[in-house]
Amino acid sequence: MNEAPAPRLHVNCDHVATVRQARHAAFPDPVEWALLAEGAGAQGITVHLRKDRRHIQDHDVLRMRRAIGTLLNLELSLDPEIIAFTLECGADEYCIVPENRQEVTTEGGLDVVSERARLSSLIPRLVETGGAVSLFVDPDEVQLEASAELGAQFVELHTGTYANAAGDEQQRELERLHRAAARGVELGLRVNAGHGLDYQNVKPVAAIEQVEELNIGHSIVARSLMVGAAAAVREMLALVRAARG
């Protein structure tokens, strides 16, 4: 049995804002929903401020920073406007992600190797704000090595390929995540994981002993439509904790 502490659960509130933006209304309020998630045991709140502002807005991030009592993790691209906002927002953690205007959701990890120049400039600036810096990467050794060389404190392993696979393919992707997590720690990185995780597939990832934090959003928001935010978060927490029972 894995005796390492269970990963922290950070809940992504983006898709509460997606529902709101569908009507450009004032509700549902992602900040209010985040407070319900915190009250149910979420250990952090994650939001992604996209360039097209399709869900979370600038004012959501600032209100979230003032309202929540746990850690605020802001996902950001390398867009200059987003970077300028990020440097002033006061988040506790920053996760740098790739972004394509045409994608439905993030399609893969950041190519740290090709973005080395921009990242080498940005990471120290983010560190100076006092926040921890993570790079969202595929479970690939070359990307992990580049992340370590650039001074990132964390990587977040992209679990989307695992989540979208089935059968033997999913098992191969899980083994790939295990190898990447172990290699990341060998390189001096701390390891998080997220993307596409849900109530059916989360436990094998939560059981990876090097993973410190899971970022999960869409499945929890979707479940909350049926059972409420608090119950949806508690159900996910129970699965995460049981994985290392």
Of the residues in the stretch 1-18, those that are open to solvent by less than 50 Å² (accessible area, probe 1.4 Å) and either of a type outside the set (D, E) or closer than 18 Å to R234 by Cα (or both) number 11
By residue number, the members of the stretch 148-171 that are loosely packed, with under 13 Cβ neighbours inside 10 Å and either touching a strand residue (DSSP E or B) at 6+ places or on another chain (Cβ under 8 Å) or part of a helix (DSSP H, G or I) (or both) are G167, D168, E169
For strands (runs of 3 or more DSSP E) lying entirely in the stretch 50-139, having 3 or more residues that are more than 19 Å from A17 (Cα to Cα) picks out 93-96, 132-137
Notebook entry, point to check: With respect to E93, is the statement that it is at pLDDT below 95 and of a type outside the set (A, V, I, L, M, F, W, C) true?
Noted result: no
Among (1) out of contact with any strand residue (DSSP E or B) (no Cβ under 7 Å at 6 or more places or on another chain); (2) in a loop (DSSP other than H, G, I, E, B); (3) not aromatic (F, W, Y), K203 falls short only on (2)
Among (1) under 21 Å from Q153 (Cβ atoms); (2) free of Cβ contacts under 8 Å to residues at least 40 places away in the same chain; (3) open to solvent by 10 Å² or more (accessible area, probe 1.4 Å); (4) of a type outside the set (G, A, S), I208 falls short only on (3)
Next on the checklist: Quick check on L126: is it open to solvent by less than 10 Å² (accessible area, probe 1.4 Å), in contact with a Leu (Cβ under 8 Å, 6 or more places away or on another chain) and not β-branched (V, I, T)?
Outcome noted: yes
Of the listed residues (A193, A146, A165, A152), the one being more than 17 Å from E209 (Cβ to Cβ), touching a Ser or Thr at 6+ places or on another chain (Cβ under 7 Å) and of a type in the set (G, A, S) is A152
Checking A165, A146, A181 in turn, the sole residue that is modelled with pLDDT of 95 or more, more than 24 Å from L62 (Cα to Cα) and under 17 Å from the mean Cα position of the chain (by Cα) turns out to be A181
query = Can E99 be described as under 16 Å from the mean Cα position of the chain (by Cα), open to solvent by less than 70 Å² (accessible area, probe 1.4 Å), farther than 27 Å from A207 by Cβ and among the acidic types (D, E)?
reply = yes
With the first residue restricted to the stretch 169-181 and required to be more than 18 Å from F154 (Cβ to Cβ), and the second required to be open to solvent by 20 Å² or more (accessible area, probe 1.4 Å), Cβ contacts under 6 Å at 6 or more apart or on different chains are E173/T161; L174/P204
Report task. Would you check if there is a residue in the stretch 19-31 being within 21 Å of I220 (Cβ to Cβ), touching a Pro at 6+ places or on another chain (Cβ under 8 Å) and open to solvent by 20 Å² or more (accessible area, probe 1.4 Å)? Result -> yes
For the stretch 102-122, pairs from a residue that is under 28 Å from H218 (Cβ atoms) to a residue that is at pLDDT below 85 and open to solvent by less than 70 Å² (accessible area, probe 1.4 Å), with Cβ under 7 Å and 6 or more apart or across chains, are E107/N100
Looking across the stretch 44-60 at residues that are surrounded by fewer than 18 Cβ atoms within 10 Å (Cβ to Cβ) and touching a Lys or Arg at 6+ places or on another chain (Cβ under 8 Å), the single one that is farthest from C95 (Cα to Cα) is D52
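With respect to G196, determine if the residue is in contact with a Gly (Cβ under 7 Å, 6 or more places away or on another chain), surrounded by fewer than 22 Cβ atoms within 10 Å (Cβ to Cβ) and not in a helix (DSSP H, G or I).
When the stated conditions are applied, G196 passes them.
The values are calculated or read from the model by the stated rules, or taken from the named source; none is laboratory data. Computed from a predicted model, the values in this text were never measured in an experiment. When we count neighbours, we look across all protein chains shown, and the Cβ atoms used for this are built from the backbone with ideal geometry, even at glycine. Ligands, DNA and RNA are excluded from the accessible area calculation, which covers all protein heavy atoms including side chains. Shrake-Rupley method; radii C 1.70, N 1.55, O 1.52, S 1.80 Å.
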